Amino acid sequence: MRSVGIGLIGCGTIGKGVVELLTRNAETIARKTGLRLELRHVCEINRSVWNSITLPSGRFTADLNDILNDPETNVAIELIGGTTVAGEVVKQCLAAGKDVVTANKALLAIRGKEMFAAARAAGQCIVFEASVGGGIPLLSSLREGLIANRIDALFGIVNGTCNYILSEMATHNRAYADVLEDAKRLGYAEPDPTLDVNGTDTAHKLAILAAMAFQADIDFATIPIEGIQAIDRMDLHVARELGYACKLLAIGERNDDGISLRVHPAFIRATHPLASVSGPFNAVSVYGNAVGHCLLYGRGAGPAPTASAIVADVIAAATGNARRTFEQFQLLQDQNEPAIMKPIDAIQSRYYVRAMVKDQPNVMAQITRIFGERAISLSAITQHEAEADAPQDIVPVAITTHMAREGAMREAIKEIEKLDVITAPCVCIRVVAEHEEFKA
Ligand code: HSE
């Protein structure tokens with residue numbers, strides 16, 4: 001049986017999951033693939049980790065050279081995270097003749113072009129299924145199972161932490177901060193959870209998915225990003241009352257005039273296929289011009305699901321399958337032209353707006369006038385009495401609109417926020433309908 005030498009770099013939450021999976025499923029993997037995956041080195045500079053898991057002696061090292069200089073180590077797994085040190089480590093591994101498996105979405109979203117070019121220059125490949133959607137075989141589906149399609153759109157829930165927070169807040173009426181603590185404890189959140197909740201992690205994943213789906217070099221800085229920090233339990237209650245679920249969506253659409261990419265919370269109908277994706281689960285709806293709507297669903301975060309994708313990538317590297325598609329297919333940032341991005345102001349959507357207002361005469365008239373002046377048509381208005389613990393004279397007003405242009409909506413909100421009866425910034429959430437199959 002052929003042995004494949006692995007060097008693991010960075011042994012945090014996910015790294016430990018990889019070590020555990022390689023041990024637990026060694027026989028299953030060997031029987032299925034004819035490969036014996038041998039973890040030869042675990043490079044971890046934090047020595048307190050060395051005693052936290054059991055490995056044969058001598059496997060832990062703080063010196064990357066032990067991996068770089070070992071001719072028996074064929075595949076390096078980069079789990080350091082971040083875009084600086086990790087980038088240099090990836091380039092060193094490639095130059096040393098290792099294929100690289102990584103879960104590092106930030107690195108590939110921001111420096112992907114450079115990393116892929118470095119791999120080509122070294123005659124190696126980079127495999128990165130675990131960077132998007134944890135254990136869901138999303139990238140391999142785009143690269144293989146769906147390769148015969150022109151991909152027209154993707155709609156995804158790709159951050160387990162945000163989805164877990166929104167689900168728990170909506171279903172169990174829990175406070176945002178409490179649920180975030182749980183997400184950290186369960187290993188869903190990034191070391192810096194700000195990247196989860198402010199939408200950046202979702203945007204990293206969207207950039208990677210979109211580059212492959214739309215064959216485009218995506219400039220990450222051009223993706224409009226909104227997170228979930230401003231969402232209150234009351235927004236989730238209104239959503240439910242109106243028949244919606246609130247999800248943080250990654251949206252990518254290809255039109256004749258360019259590609260539209262964006263990350264923002266969205267109200268989606270309770271019957272929408274993504275509405276029942278709860279907790280740490282992720283799902284991506286892909287719309288291909290032959291397959292139609294294809295929904296890929298599974299656990300998007302956590303050590304074991306992520307390790308499932310990482311070990312699959314190690315096997316793809318070891319068999320040479322990864323290298324063949326890396327070289328032949330034109331799916332990566334360094335192989336494609338810069339994307340023509342459609343500005344967000346040009347998109348049309350329906351909207352939910354929640355304003356905190358002074359409970360006094362003429363408030364509603366002032367707000368609706370601002371919408372009316374911009375030809376924005378309202379579809380529902382809800383005002384509840386003030387909560388028992390809220391200041392008596394301040395109440396939330398929730399409004400949904402018919403289709404409107406993003407630019408007009410932004411102007412309207414700016415004007416509304418200038419009214420002296422408004423006591424806090426408005427919360428504005430797009431209402432997103434199910435994408436039509438075979439639309440483009
Ligand atoms: N922090 C990420 C999430 C982990 O919550 O989805 C998986 O990329």
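The values are calculated or read from the model by the stated rules, or taken from the named source; none is laboratory data. None of the values given here were measured: they were computed from a predicted structure. Cβ: placed from backbone, ideal geometry, glycine included. Neighbour counts: every protein chain shown. Please note that ligands, DNA and RNA were not included when accessible areas were found on the heavy atoms of the full protein model with its side chains. Shrake-Rupley method; radii C 1.70, N 1.55, O 1.52, S 1.80 Å.
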query = Which FRET efficiency value, to the nearest 0.05, is calculated for S377 and R150 with the Förster distance at 25 angstrom and r the Cβ-Cβ distance?
reply = 0.15
message = How far apart, in nanometres, would the label points at N362 and E434 be if each is projected 7 angstrom from Cα along the Cα-to-Cβ direction?
response = 4.6
query = Can you give the accessible area per residue of the stretch 138-300, in Å², using a 1.4 Å probe?
reply = 35
inquiry  = Using the crude model of +1 on Lys and Arg Cβ and -1 on Asp and Glu Cβ, and no other charge, please compute the dipole size for the stretch 24-123 relative to its Cα centre, in debye to 20.
reply    = 360
task = Quick one: among A424, A210, A275, which has the greatest mean-square fluctuation in a GNM of the chain with alpha-carbon springs under 10 angstrom?
result = A424
task = Quick one: which residues, 5+ away or cross-chain, put their amide H under 5 Å from the amide H of S379? H built at 1.01 Å from N.
result = T400, T401, H402
request  = Given the peptides 52-63, 162-173, arrange them by the average over their residues of other C-beta atoms within 10 Å, most packed first.
outcome  = 162-173, 52-63
message = For a Förster distance of 45 Å, can you work out the FRET efficiency between the beta-carbons of D345 and T319, rounded to the nearest 0.05?
response = 0.45
request  = State to the nearest 20 debye the size of the charge dipole of the chain about its Cα centre, where the only charges are +1 on K and R beta carbons and -1 on D and E beta carbons.
outcome  = 960
request  = Determine Rg/Rh for the stretch 344-431; Rg is computed over alpha-carbon atoms and Rh is the Kirkwood hydrodynamic estimate from the same atoms.
outcome  = 0.97
In the stretch 331-440, the trypsin sites (Lys or Arg not before Pro) that fall in loop regions by DSSP, at most 13 other Cβ within 10 Å = K439
query = Which of the listed residues, I225, L195, A210, is farthest toward the dipole's positive end in the stretch 175-226, when Lys, Arg count +1 and Asp, Glu count -1 at the beta-carbon?
reply = A210
query = What share of all Cα pairs of the chain, in percent, falls into each consecutive 10 Å distance bin?
reply = 4, 21, 28, 23, 13, 7, 3, 0, 0
remark   = Rounded to the nearest 10 degrees, the helix 303-319 long axis (Cα) sits at an angle to the longest Cα principal axis of the chain of 50
message = Placing +1 on the Cβ of each Lys and Arg and -1 on the Cβ of each Asp and Glu in the chain, which of L138, V357, I315 has its Cα farthest towards the positive end of the resulting dipole?
response = I315
task = Give the carbon-plus-sulfur fraction of the accessible surface of the chain in %, rounded to a whole number; probe 1.4 Å, heavy atoms of protein chains only.
result = 50
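Pull out the extension gain between A221 and W50, defined as 0.36 nm times the separation in residues minus the alpha carbon to alpha carbon distance; nm, one decimal.
Answer, rounded to one decimal: 57.8 nm.
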ask   = Gaussian network model of the chain, Cα springs within a sub-10 Å range: biggest mean-square fluctuation belongs to which of A216, A380, A109?
value = A380
